[in-house]
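Contents: one structure, followed by commentary.
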Amino acid sequence: MNRSSWFTRTRVIAAAAAIMVVAAGTILGTRALTSGQEPSTRVEVRATGPSGQQGPVNVQVPNYPKNPGPAVVKGPFRILPYGYEDAPGSAPARSEPACASPEAGLDIPALIQASDLYVTVGYIPAGFTYQPPTTDYLCGREVRDIVWRFPGAIGATEISISRSRRPLPLDVRVPPVDSWVALEEGTVVGAPAVFFRSKPGQGGPQRLYVIDRGITTEIIGDIADFAELLKVAESLR
């Protein structure tokens, strides 16, 4: 598997908008803002679009604050304010062992169950279907992540669980004020956790991260009730 795509999938997606082109004169709407706060994106008029389109075109770009504040380490997490970037050479050193190509003819389900990342999932919310776990990150005979994907009965909804050993502290980026989610700190069965919970009246995917004995568990679900994701996390044994 492509390691960079795996890491991108598992990192916190904190709603930093991707650049997109819209019709000239059209400004994309954002979600309701907290009073007095700047929106997380702005529209710039450019002579050339991101794909070389002839302008003028309106391009939506991130609207980072001038002084986002410092990163704060809290237990196994490093909380990054919206718009924060490490100064060159100042980011924490993070290294991972080399990954050998997967061996041929492996009994992957057996390797998954023998891994210290493996757990049983004791609770699945109504409307979602259990699927056996897989791995997206196999090195030689070593399983470096285990992934469960439970499809929903409606549309493309899904609950996914990923367990892996990631470099710590884990970077967690605070969403902008006009995101549909807010970051909260908490615990799951005594282990430190962070939650990306939908704000009242908002919808969209919610997620949580739990770090216990060096293992990071990420649970994502496009589900209305965040308590259901907590029940999933608490059921892992």
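The values are calculated or read from the model by the stated rules, or taken from the named source; none is laboratory data. Owing to the predicted nature of the structure, the values given are computational and were not obtained by experimental measurement. All Cβ positions, even for glycine, are placed from backbone atoms using ideal geometry, and neighbour counts span all protein chains on display. Heads up: the accessible areas ignore ligands, DNA and RNA and are worked out on the full protein's heavy atoms, side chains in. Shrake-Rupley method; radii C 1.70, N 1.55, O 1.52, S 1.80 Å.
A few notes on this one:
- Relative contact order (%) - the range 93-237, alpha-carbon pairs under 8 angstrom, separation at least six: 21
- Karplus (6.51, -1.76, 1.60) ³J(HN,Hα), θ = phi - 60°, over the range 201-206, in Hz, Gly and Pro reported as x: x, 9, x, x, x, 10
- Å³ per residue enclosed by the Cα convex hull of the range 48-157: 279
- For residue 42, the residues whose amide H sits under 5 Å from its own are 61, 63, ignoring neighbours fewer than 5 places away on the same chain, with H placed 1.01 Å from N.
- Vicinal HN-Hα couplings computed from phi for the range 186-200 (Karplus, 6.51 cos²θ - 1.76 cosθ + 1.60; Hz; Gly/Pro x): x, 9, 10, 6, x, 8, x, 8, 10, 10, 10, 9, 4, 6, x
- Length available on full extension from residue 67 to residue 98: 0.36 nm per residue minus the Cα-Cα distance, which gives 7.4 nm.
- Exposure ranking of 171, 145, 116 by accessible area [1.4 Å probe, largest first]: 116, 171, 145
- Using a simple spin-label model with pseudo-atoms 7 Å out from Cα toward Cβ, residue 113 and residue 46 lie 5.2 nm apart.
- Nonlocal amide H pairs with residue 188, under 5 Å, H built at 1.01 Å: 193
- DSSP-assigned coil residues among trypsin sites (Lys or Arg not before Pro) in the range 142-224, each with at most 10 further Cβ atoms within 10 Å: 213
- Here the accessible area is traced with a 1.4 Å probe on the protein chains. For the range 69-185, carbon and sulfur cover 57 percent of it.
- Calculated accessible area for the range 142-200 comes out at 41 Å² per residue, all protein chains present (probe 1.4 Å; ligands, DNA, RNA ignored).
- Residues whose placed amide H lies under 5 Å from that of residue 140, excluding near-sequence neighbours: 100, 101, 103
- Net charge of Cβ neighbours under 13 Å - reference residue 148; Lys, Arg +1; Asp, Glu -1: -2
- Under the simplified labelling scheme, the residue 74-residue 90 pair shows an inter-label distance of 2.1 nm, with each label point 7 Å from Cα along Cα→Cβ.
- The largest-to-smallest principal axis extents of the Cα set in the range 166-225 are 36, 21, 16 Å.
- For GluC sites (Glu not before Pro), the sites in the range 103-164 that DSSP calls loop and that have at most 14 other Cβ atoms within 10 Å are 103.
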